[in-house]
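Here's the structure, in structure tokens; my notes come after.
A short reminder: the numbers here are calculations on the coordinates, not readings from a lab. These numbers come from a predicted model, not from an experiment. With ideal geometry, Cβ positions are generated from the backbone for all residues, glycine too; neighbour counts draw on all protein chains shown.
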Amino acid sequence: MPLESIAVITTAWGCLAYFMMPWGPTAGATKQNEAQIKFGDRCFMNLIEQAPLFLSSLWTCAVYASEETATNVGTGYLVLRALYPVVWLFKGGSTPGFPMPAGMLVAVPACACNMYMSACVIAKCAFEFDLAFGGWMDAAAVFGFCVVFLFHAMKVCPCLHSVFKHAFTGAPLL
């Protein structure tokens, strides 16, 4: 049956969400420290914040570009999302906050998975170009999107913040 793998990935994502959902509230209810409460809240909320990007790119990639690529990359995304709290636990301690830079080892590739699947759909539907490589090439493409996304986040965004700064300081733009 077509799209079975995509249905399994979607359902596994839902199971992961329900697994993480009570972490923050139960940490608060059992009077854990602020760092543990933040860990529980952010693990679940980051998963939910990324949900529209992941689920829309997964399904549109499977239907319009390549079910194989959507399966490969969607599975990789799930693994990365499951590793998100593991990386955070290695940080540990009583100071709340995302574990930088180690956390980027799972967050950036997860974003790159979504970007690659979305790019496959745009390439196929808008330009009739097959960007979905399949097999191990999907991992290479995700790595390429990681590099592009990191460049955007580390180089382009700081420049944009300099440009936008005037809008937030009350100073006139001109």
Test of understanding: in a Gaussian network model of the chain with alpha carbons linked when under 10 Å, which of T30, T75, T60 would top the mean-square fluctuation ranking? T30
Could you give the dipole magnitude of the chain about its Cα centre, charging the beta-carbon of Lys and Arg +1 and that of Asp and Glu -1, in debye to the nearest 20? 720
Could you list S94, S5, S56 in order of exposure, starting from the residue whose Cβ has the fewest other Cβ atoms within 10 Å? S94, S56, S5
Long-range lysine pairs (8 or more apart or interchain), the chain, Cα under 27 Å: 4
Value at 222 nm in deg cm²/dmol, rounded to 500, when DSSP H runs of n ≥ 4 in the chain each add -39,500 (n - 2.57): -25000 deg cm²/dmol
Can you name the helices of the chain, as whole DSSP H runs, whose Cα span along the helix axis is 27 Å or more and whose Kyte-Doolittle mean is not below 0.5? 104-127
The correct pair for region 1-70, radius of gyration to one decimal and Dmax as a whole number, both in Å and from Cα atoms, is 15.6, 48
Beyond 17 Å, what share of the Cα-Cα pairs of region 82-174 remains, rounded to the nearest whole percent? 66
